[in-house]
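A.B. asks: Structure provided below as structure tokens; questions to follow.
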Amino acid sequence: MASNAVIAVVVILVAAGAGGLGFFGGYEYRTSPAASSGAVENSTLSVLGAGTLNTLFPQLARALVNETPGITAPPAAQTYEGSLDVTTAITSLQAKADVAALADFRLAPQLLEPTFASYEIVFGSTPEVLAYNSSISAFDGISESNWAEKLVTDVNTPGNAPLGVWNASSDPNGYNEIFSLQLQGMLYNSSPTLFYDTFYSGGAHTPAVANTLTTKVEHESQAASLLKSGIVSAIITYRSYAVVNDLTYVSFNPIVGLQANNSSALADYAETNTTIYTSTGGTATVDAAPVLFAVTVPSNAPNPALGAAFVHLLLSPQGSAIISYGGAFTPIFPGWADKPRVVPSALAPDVTPLPAWASAFLA
């Protein structure tokens, strides 16, 4: 099937000066919103973010500190974990943060709005890839078309380590791993369960259960070290995670990697789903969708102007250069806002409405 990558955004890799004004590739660089009279001086930036952002967002936070007098962004004020854990922390544990960033653009509209957030801005995409131990002979000759067969051979070889997987009920990468396995079988072997059945059971109407002989459920923060130490032999993860952790990886077909948004891809995604546990103990069906990361300033943010300043920097050429380094993310500018009319005025020039195909996932 033909496929197109998620809309690529031309990024001018120019670090804009802290207080300068300029125009770079369609981006008007303005003074940080935190420098306005509405900002809170001598304040601390707090961030709740998806686990894979735990390297890139601290870099952005340090850049904001360097260009904005009177603020700090210590590691202790930044927490990076599964995106569903992030939403639960905000909605059930009354966690407060100036910035909340999620690895699935559907989560803020579904779980945070309208009580805990008023809008979201999609800022980047990063496809799923297979990060693997290149010293394992089963992966010799691995490619976009045969990675799943190679993976099955690997985990079924006596003495080889299992595939590392995320918890789908707390982290979107957990269900995205499942979708990539299903889509690979669907596109290349006409069977969405061919590879899935090696690693999981269930999942049609009950949550998928990892096969303990071939998989190891892990926390994202440990995945890279587990792979490098040989405790797992491979992980299906975001390209951004593989890049920032210097992992060997193979790219997927754009549909399999949840990167494409053309009609063929959207039709295939509509046939692919899994079931997860919700924070209230029930279950919910999750459909496949392109991987799009989104950010918001929560309604209870201690320093909303500071949160807006961070988002402004994230969307700037300087922020784009940070998150796109090494091919980690494809930045999206202007950012895609689900509710452009309620985005703070300081960010209004930085956003445009979600494309119609993306809005359909929020219906």
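The values are calculated or read from the model by the stated rules, or taken from the named source; none is laboratory data. All values derive from a computational prediction rather than experimental measurement. No Cβ is skipped: glycine too gets one built from the backbone with ideal geometry, and neighbour counts run over all protein chains shown.
A.B. asks: Could you tell me whether region 186-197 includes any residue that is of a type in the set (Val, Ile, Thr) and either under 22 Å from Gly230 (Cα atoms) or buried (at least 18 other Cβ atoms within 10 Å of the Cβ) (or both)?
C.D. replies: No, region 186-197 has no match at all.
A.B. asks: Among the listed residues Ala168, Ala242, which satisfies the condition of being within 25 Å of the chain's Cα centre (by Cα), in the same structural domain as Ser134 (by TED's automatic domain parsing) and not in a loop (DSSP other than H, G, I, E, B)?
C.D. replies: Selected residue: Ala242, the only one of Ala168, Ala242 that is within 25 Å of the chain's Cα centre (by Cα), in the same structural domain as Ser134 (by TED's automatic domain parsing) and not in a loop (DSSP other than H, G, I, E, B).
A.B. asks: Next up: Does at least one position in region 97-113 carry a residue that is more than 21 Å from Val291 (Cα to Cα) and out of contact with any Leu (no Cβ under 9 Å at 6 or more places or on another chain)?
C.D. replies: Looking through region 97-113, none of the residues is more than 21 Å from Val291 (Cα to Cα) and out of contact with any Leu (no Cβ under 9 Å at 6 or more places or on another chain).
A.B. asks: Moving on. Condition (residue is buried (at least 22 other Cβ atoms within 10 Å of the Cβ), in contact with a helix residue (DSSP H, G or I) (Cβ under 8 Å, 6 or more places away or on another chain), closer than 22 Å to Ala265 by Cβ and outside the structural domain of Leu213 (by TED's automatic domain parsing)) applied to region 95-102: is it met by at least one residue?
C.D. replies: Yes, that holds for at least one residue.
A.B. asks: For region 306-363, how many residues are in contact with a Lys or Arg (Cβ under 8 Å, 6 or more places away or on another chain) and part of a helix (DSSP H, G or I)?
C.D. replies: Going through region 306-363 one residue at a time, the tally reaches 5.
A.B. asks: A follow-up question, please. Restricting the search to region 177-195, which residues are out of contact with any strand residue (DSSP E or B) (no Cβ under 9 Å at 6 or more places or on another chain) and under 15 Å from Thr215 (Cβ atoms)?
C.D. replies: The answer is Phe195, and nothing else.
A.B. asks: Is at least one residue of region 210-225 surrounded by 24 or more Cβ atoms within 10 Å (Cβ to Cβ), among the β-branched types (Val, Ile, Thr), within 23 Å of Leu107 (Cα to Cα) and under 22 Å from the mean Cα position of the chain (by Cα)?
C.D. replies: Checked region 210-225: no residue is surrounded by 24 or more Cβ atoms within 10 Å (Cβ to Cβ), among the β-branched types (Val, Ile, Thr), within 23 Å of Leu107 (Cα to Cα) and under 22 Å from the mean Cα position of the chain (by Cα).
A.B. asks: Name the pairs whose Cβ atoms lie under 6 Å apart, with the first residue in region 218-238 and within 15 Å of Leu151 (Cβ to Cβ), the second buried (at least 17 other Cβ atoms within 10 Å of the Cβ) and of a type in the set (Val, Ile, Thr), and 6 or more positions between them or separate chains?
C.D. replies: Cβ pairs passing all conditions: Leu227/Ile235; Ser233/Ile136.
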